[in-house]
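Taken together, the values in this text are just the output of simple stated rules run on the coordinates, not laboratory data. Treat the numbers as computed from the prediction; the structure is a model and nothing was measured. No Cβ is skipped: glycine too gets one built from the backbone with ideal geometry, and neighbour counts run over all protein chains shown.
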Amino acid sequence: TLLRDRDPVELWNVVGLCGTYAYVRAGRARRAAEESDRERAVLAERAHVAREVHDILAHSLSAQLIHLESARLTLAAGRYEEAGALVERARSLAKGGLEETRRAVAVLRGDVPAPQEALAGLAEEYRRTTGSACALTVTPGPRPLPPEAALAVVRTAQEALTNARRHAAGADVAVTLSYPADRWELCVTDTGGTGPGPHTASGGGYGLVGMTERAELIGAALDAGPYGTGFRVRLEGPLSP
């Protein structure tokens, strides 16, 4: 009865005001959600950059420490020429680590080297720095890996080889990248060695944590643990982003 007694124009004005209020509130909520999404994206990018820098420095510094320790021992034994070569190699690793850190942001934007090329370089470095074998097998895939997956493959292999070098001295390693069904799979397996302590993660335990976090971010899965007489790191995920 109350509504029937009202002027229709007045009622439409009320409806219009309610609609305008709802529209303004919805716009504010949408802008707040967009701002929240932007903040989350910035935080995610910062975490990603931090993880990249950690992986680069953990790999570079670990290799440098190995070479410098070897240089110290060879100096004590009076083998000065050999010690000099080891120091020069440590210098080269330091320079490479700095260059790779500078490239980290570009890599995050998708400028990732082909996994086969990057894995070949890592395998050659492992052979050169340890004197042990590092077999590399890459099966051609049906299509290129997404940039995020390619980056995860390279960094995971790098971390796994660093772990083998630190915790499985003298171990031979096999690195394989294959494409079962509509997925990709990276395996880094060592034969076990005589290094100190259990074969776990490098960098105070953050190596495997970082690899696991990276896998989760791209919808992949990481499995790492004893395998035969040695240790295996296995990363697998979908070919589609």
³J(HN,Hα) computed for each position of the range 66-79 - Karplus, 6.51 cos²θ - 1.76 cosθ + 1.60, integer Hz, glycine/proline x: 4, 5, 5, 5, 4, 4, 4, 5, 6, 5, 4, 8, x, 9
Spacing of the two label points (7 Å from each Cα toward its C-beta) at E82 and S178, in nm: 4.0 nm
Vicinal HN-Hα couplings computed from phi for the range 24-34 (Karplus, 6.51 cos²θ - 1.76 cosθ + 1.60; Hz; Gly/Pro x): 5, 4, 5, x, 5, 5, 5, 5, 5, 5, 5
Under 5 Å, built H, 5+ apart or other chain: amide partners of C134: V173
Rounded FRET efficiency, nearest 0.05, which uses the C-beta distance separating T20 from S92 and R0 of 45 Å: 0.10
Stretchable slack from A169 to L65, in nm (0.36 nm times residue separation minus alpha-carbon distance): 36.0 nm
Residues with amide H under 5 Å from that of L239, placed H, sequence gap 5 or more: R183, W184
In sequence order, calculated HN-Hα J values of the range 57-63 (Karplus, 6.51, -1.76, 1.60; Hz; x Gly/Pro): 5, 4, 5, 5, 5, 4, 5
